[in-house]
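Please treat every number below as a calculation from the coordinates, not as lab data. Please read these numbers as outputs of a predicted model, since none were measured by experiment. Don't worry about glycine lacking a Cβ; one is built from the backbone with ideal geometry, like all the others, and counts go over all protein chains shown.
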Amino acid sequence: MGLFESGLFESGPSAARGVSRHAPLAERMRPRSLEEYAGQAHLVGDGKPLRLQIERDEPGSMIFWGPPGTGKTTLAKLIAATTHASFVEFSAVTSGIKEIKQVMADAERAAGMGARTILFVDEIHRFNRAQQDAFLPYVERGALRLIGATTENPSFEVNGALLSRCRVYVLQPLGEDKLVGLMRRALGDVERGLGSQGIEADEEALRTIAGFASGDARYALNALESAAALLRGRGEARLTKEVAAEALQQRVLLYDKSGEQHYDLISALHKSVRNSDADAALYWLRRMLAAGEDAMYVARRLIRMAVEDVGLAAPEALNLCLSAQQAMHLLGSPEGELALAQATVYLALAPKSNAVYRAWGAVAADVEGTAAEAVPLHLRNAPTKLMQSLEYGKGYQYAHDVEGKVAAMACLPPSLEGRRYYEPTDEGRERQLAARLAEVRRLQGQE
């Protein structure tokens, strides 16, 4: 009998299965079969890819990528139980690669005697690339089946060689209905859940918890257990929205300032501003600040939006964002956050132009892709007689002395003469710049 077979998924009381009755509710209610498993129907529903792999007992290694509380560990344990494999669990946070190497060596010896091992590594992205290399020979030889779990994008956090030998399955946050169903199941389960307490829960209360859980089943169940403890202490048995809110105390937003959520949320804010959606922009801004994001980072990103997406269509946006950054610096949170909100709304509703952004990119391409030509002689400074004798500055026309203050004089290197980088739009103030540019080009003889 494998390690896993003698553990969590045997029938009988919780204690007999190795799960203490004092364990957190989320642990006690961990699904014992795929039929009990909630969510991820796109992976484990009938005929879906992971379900087929499990049913066919395919030995491939895999990576589970998804936010906390979506069932990555549970799914790995179910696979081990279904395929009659020993289950060895490690966390990359608390375990070293040396320990795991020993387990892999033991698994390879066991494989020689017909035994099967699943090595589950939670937060596998915490191992660096060199440490992840240690898994490769064992995975390639089929000595064990590796299941890695990560909350981060494996494309960036998992060694490419290891990633190419694993199937990646993406787990999605659980919807409110799924979370409410899990809590209803826990409230009615006498053996593992809270059924013996006779709690009657209002639908509104459960949906309050589900909303705060942000798709995390573990958080929802543990919040439900906290609410049950409050009721027990008061001698009550009805779970209302007010009791649920008291148990929750403070909403926990899914956010990792150094991880993918960080980049997803700032991307959502930037794209909402670009699309002139002030309501969405305010929402994403609040999400980031409520989750503990550095307000100065947000201010810097707003400044970038001002120059990248608003540009010269509303040049005052840059000053407004700089002022908002200064206000945040002086006032701190929460007072300064209103200045960031003000700048965000202005950016969203301002006319948009990325003409300078595109021009800058085009200039960069020419600087990198063309020869570094000498500055034309007429544009060179001639502070010495030698330079004057070499005709530095010869032919230069002083713009203030000519009609329209624009000389018909080329200012680009000869190979780039006539090249146009900045093409203003017809948005906001840039409409005036477009008219001026047309006049300048006429005076230069380019039109």
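The table below gives the values:
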| item | result |
| --- | --- |
| Most fluctuating residue given options 318, 43, 330, as computed from a GNM of the chain linking Cα atoms under 10 Å | 330 |
| Relative contact order (%) - the chain, alpha-carbon pairs under 8 angstrom, separation at least six | 11 percent |
| Base-10 log of normalised Debye intensity for the stretch 260-349 (one unit scatterer per alpha-carbon) at q = 0.14, 0.20 Å⁻¹ | -0.40, -0.84 |
| Equivalent ellipsoid semi-axes - Cα gyration tensor, the stretch 31-170, angstrom | 22, 18, 13 |
| Relative contact order (%) - criterion: Cα under 8 Å, at least six apart; region: the stretch 31-170 | 33 percent |
| In sequence order, calculated HN-Hα J values of the stretch 68-85 (Karplus, 6.51, -1.76, 1.60; Hz; x Gly/Pro) | x, x, 9, x, 5, 5, 4, 5, 4, 5, 5, 5, 4, 5, 5, 9, 6, 10 |
| Ranked 93, 402, 103, criterion: other C-beta atoms within 10 Å, fewest first | 93, 402, 103 |
| Contour excess over end-to-end distance, with Cα ends at residue 322 and residue 388 and 0.36 nm allotted per residue | 19.3 nm |
| Nearest-0.05 FRET efficiency for residue 432 and residue 381, computed from C-beta distance (R0 25 Å) | 0.15 |
| Prolate/oblate/rounded call for the stretch 364-438, Cα gyration tensor, a/c under 1.5 rounded | oblate |
| FRET efficiency estimate (nearest 0.05) - Cβ-Cβ, residue 55 to residue 229, R0 41 angstrom | 0.55 |
| Top of 277, 106, 366 by mean-square fluctuation, Gaussian network on the chain, Cα under 10 Å | 366 |
| For residue 201, distant residues with modelled amide H under 5 Å away | 239 |
| Spin-label model distance (nm) - residue 23 vs residue 360, 7 Å beyond Cα toward Cβ | 5.5 nm |
| Among 241, 48, 394, residue whose mean-square fluctuation peaks in a GNM of the chain (springs only between Cα atoms under 10 Å) | 394 |
| Label-point gap, in nm, between residue 128 and residue 155 - each point 7 angstrom along Cα→Cβ | 2.5 nm |
| Table column - 3J(HN,Hα) (Hz), the stretch 233-244, Karplus curve with 6.51, -1.76, 1.60, x for Gly and Pro | x, 9, x, 10, 9, 10, 8, 9, 4, 5, 5, 4 |
| Quotient of C-alpha Rg and 2.2 N^0.38 Å, computed over the chain | 1.41 |
| Other-chain or far-sequence residues with amide H under 5 Å of residue 91's (modelled H) | 122 |
| Lysine pairs meeting the criterion (Cα under 20 Å, 8 or more apart or interchain), as found in the chain | 9 |
| Estimated FRET transfer efficiency when R0 is 35 angstrom, pair residue 371-residue 290 (beta carbons, to 0.05) | 0.10 |
| 222 nm mean residue ellipticity, helices alone, for the chain (DSSP H n ≥ 4; -39,500 (n - 2.57); rounded to 500) | -14000 deg cm²/dmol |
